[in-house]
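Structure first, commentary second.
The values are calculated or read from the model by the stated rules, or taken from the named source; none is laboratory data. Everything numeric here is computed off the predicted structure, so don't read it as measured data. Methodologically, a virtual Cβ is constructed for each residue, glycine included, from the backbone with ideal geometry; neighbour enumeration extends over all protein chains shown. The protein model used for the area step is the full one, side chains on, heavy atoms only, and it has no ligands, DNA or RNA in it. Shrake-Rupley method; radii C 1.70, N 1.55, O 1.52, S 1.80 Å.
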Amino acid sequence: MAIESIANTLGTGSGIDIGALVGGLVDAQFANKTATLDRRDTALAAQISAAADLKNAISGFSSALAALARNGSLSTQPTSSDSSVLKASTLSGATPGAIDATIEVRQIALAQASNSAPRADRTAAIGTGTLTLTFGSATVVDGAMTGFTAGPGAAIDIAIDAANSSLDGIAAAINAKGAGITASILSDAAGSRLILKGATGDSQAFTLTADTPELAALDVGVGKTGTTIGTAAQDAIVAVDGVTLRRASNSISNIIEGVRLDLVSAKPGTSVRLGTQAPAAGLTQAVEDFVATFNELQNILRTATDPMGGALRSDSAASALQRSLRQLVTAPLTTGGAAGSPSTLAQIGVGTQRDGSLQVDAAVLARAMASDPGAIEAMFASGSGLPAALSAVATAATSRTTGLGASEARYTAQQGELADQRLDIAEASEQLRTRMTQQFASMDAKVAAYKSQQDFLTQQIDAWNSQD
């Protein structure tokens, strides 16, 4: 290129390193602008990083508190005086009230289970035809069905053809129907048996009837001798405060509001007492953990907004987050409580220090926990109280419209503008370099011409002097 060849020959006439001279002049021309862009770029990178750190911190804080409130460890839980007979737990999303009841488990629910006579080869064909499955109530004596009353549901036909006529194939065909019967194969030294098991409850007894002699060996029903009923279907029977109730399942959710009862074993004549237990230890730990996490976030925020060098010292979203966090201590977190019940963190011993951090007064918290644990539990209730208040703070803080999300987007856009300005500087410096190179090339050419003329004159003078 022309400019390259000029640059390569610069200085040949004047003896000056014009390439270095032009480079230095161009760099000096744009040094201040470049330094300003570098400083701004560094500041923007720090602002983007600080905004992202704060967004992650407040979001993580809110999510952790919400998860803790959801898992039930901060809610009053139902208790059972004998968990070997009966277990009690809170239904998902429910808040059980005061519980004081006695339950006697007289009978647990069972599912009908039958097994066929053993066969030597589980993969060998038995026969083809149709098996008909009927549900209802049955009477079983010594492994034999002695009576059966069909229920209102329609019978279910299961086609058995040459492709599924073995024990394995028949079990697969029954399971494919999804009729509420589970079929499996149980093998031992005597051979393989078809095992059928239904759902628990008296009305879930079943018969299985074949329409061909080959499949009749698998029949289950009154007078059928090819199969044995190992367990008869029956309801669970419980007495709640003396009132006898029947249920088809051992997991019962419609006796005590908000509570699931799981029957473990029958123990007629034994009364199991149900009550509730407030999570005092869990709530105390939750308050302490909240304060510790709050202080960690506060340290991040304090560093980011430090007026003497914090990356977000002039960021309105960071300042708004700081104000919102401070207000959590004194803001009412519950409503509708009894007169005198605590409704703020400050009222249960959480105080703000001069540096903005929080501290727990253990004595005040212990008194509040002893006098009104329900109020503190309400503060940490899932979907309300402190979890909801902190979630609102986090949502506002991370907003892409007015929060740190918007700040992060703004700083990123400004970084893009800096990149455009650097391109403009690079283009302008190249244009200046070209212009100055051309100017110095012209000067150097003139200097070279003057030197050539000087050399000629010098030679002439020397020649004249030699003639004298």
For this session: Taking Lys55 as the residue in question, decide whether it is touching a residue at least 24 places away in the same chain (Cβ under 8 Å) and part of a strand (DSSP E or B).
Result: no
Seminar exercise, completed: Of the listed residues (Ala233, Ala216, Ala248, Ala280), the one being among the small types (Gly, Ala, Ser) and free of Cβ contacts under 8 Å to residues at least 12 places away in the same chain is Ala216
Problem set entry | For Ala281: the one exception among (1) open to solvent by 40 Å² or more (accessible area, probe 1.4 Å); (2) in contact with a strand residue (DSSP E or B) (Cβ under 8 Å, 6 or more places away or on another chain); (3) not charged (D, E, K, R) | (2)
Exercise. Tell me, which residue of segment 368-391 that is at pLDDT 90 or above and surrounded by fewer than 14 Cβ atoms within 10 Å (Cβ to Cβ) is farthest from Pro332 (Cα to Cα)?
Worked result: Ala370
For this session: Take segment 154-173 and flag every residue that is surrounded by 16 or more Cβ atoms within 10 Å (Cβ to Cβ), in contact with a helix residue (DSSP H, G or I) (Cβ under 8 Å, 6 or more places away or on another chain) and among the hydrophobic types (A, V, I, L, M, F, W, C).
Result: Ile156, Ile158, Ile160, Ile170, Ala173
Exercise. Given the structure, is Ser84 at pLDDT 90 or above and open to solvent by 40 Å² or more (accessible area, probe 1.4 Å)?
Worked result: yes
Exercise. Is it fair to say Gly269 is farther than 28 Å from Gly151 by Cβ, of a type outside the set (Val, Ile, Thr) and open to solvent by less than 20 Å² (accessible area, probe 1.4 Å)?
Worked result: no
Exercise. When you scan segment 304-316, how many residues do you find that are open to solvent by 30 Å² or more (accessible area, probe 1.4 Å), hydroxyl-bearing (Ser, Thr, Tyr) and in a loop (DSSP other than H, G, I, E, B)?
Worked result: 1
Seminar exercise, completed: Wholly inside segment 82-194, strands (runs of 3 or more DSSP E) that include 2 or more residues that are within 30 Å of Ala278 (Cβ to Cβ) are 86-90, 101-107
For this session: Go over the candidates Ser319, Ser343 one by one and state the one that is surrounded by fewer than 16 Cβ atoms within 10 Å (Cβ to Cβ), of a type outside the set (Val, Ile, Thr) and not in a strand (DSSP E or B).
Result: Ser319
Exercise. How do the pairs read when you match residues in segment 61-82 that are under 17 Å from Phe294 (Cβ atoms) and free of Cβ contacts under 8 Å to residues at least 24 places away in the same chain with residues anywhere that are of a type in the set (Gly, Ala, Ser) and not in a helix (DSSP H, G or I), using Cβ under 7 Å and keeping only pairs 6 or more apart or on different chains?
Worked result: none
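Within segment 350-367, which residues are among the β-branched types (Val, Ile, Thr) and either modelled with pLDDT under 95 or open to solvent by 10 Å² or more (accessible area, probe 1.4 Å) (or both)?
Thr352, Val360, Val364
Matching residues to (1) within 30 Å of Ile99 (Cβ to Cβ); (2) in contact (Cβ under 8 Å) with a residue 60 or more places away in the chain; (3) β-branched (Val, Ile, Thr); (4) open to solvent by 20 Å² or more (accessible area, probe 1.4 Å):
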position	(1), (2), (3), (4)
Val287	yes, yes, yes, no
Arg302	no, no, no, yes
Gly336	yes, no, no, yes
Ile348	yes, yes, yes, no
Exercise. Counting only residues that are free of Cβ contacts under 8 Å to residues at least 40 places away in the same chain and open to solvent by less than 60 Å² (accessible area, probe 1.4 Å), which one in segment 174-191 is farthest from Gln234 (Cα to Cα)?
Worked result: Ser184
For this session: Report, by residue number, each residue of segment 44-81 that is crowded, with 19+ Cβ neighbours inside 10 Å, over 18 Å from Pro373 (Cα atoms) and aliphatic (A, V, I, L, M).
Result: Leu44, Ile48, Ala50, Ala51, Leu54, Ala57, Ile58, Leu65
Exercise. So, in segment 400-413, of the ones that are touching a residue at least 24 places away in the same chain (Cβ under 8 Å) and surrounded by fewer than 16 Cβ atoms within 10 Å (Cβ to Cβ), which residue ends up farthest from the chain's Cα centre (by Cα)?
Worked result: Thr412
Problem set entry | Options Ile195, Ile237, Ile229, Ile255: the member that is aliphatic (A, V, I, L, M), over 20 Å from Ala138 (Cα atoms) and surrounded by 15 or more Cβ atoms within 10 Å (Cβ to Cβ) | Ile255
Exercise. Under 13 Å from Ser59 (Cβ atoms) and touching a residue at least 24 places away in the same chain (Cβ under 8 Å) - does that describe any residue in segment 373-389?
Worked result: no
Exercise. List the pairs whose first member sits in segment 252-276 and is over 13 Å from Gln107 (Cβ atoms), whose second member is acidic (Asp, Glu) and part of a loop (DSSP other than H, G, I, E, B), and whose Cβ atoms are under 6 Å apart, counting only residues at least 6 apart or on separate chains?
Worked result: Val272/Asp82
For this session: Mind listing just one residue for me: the one in segment 87-109 that is out of contact with any Pro (no Cβ under 6 Å at 6 or more places or on another chain) and open to solvent by 60 Å² or more (accessible area, probe 1.4 Å) and, of those, nearest to Ser249 (Cα to Cα)?
Result: Lys87
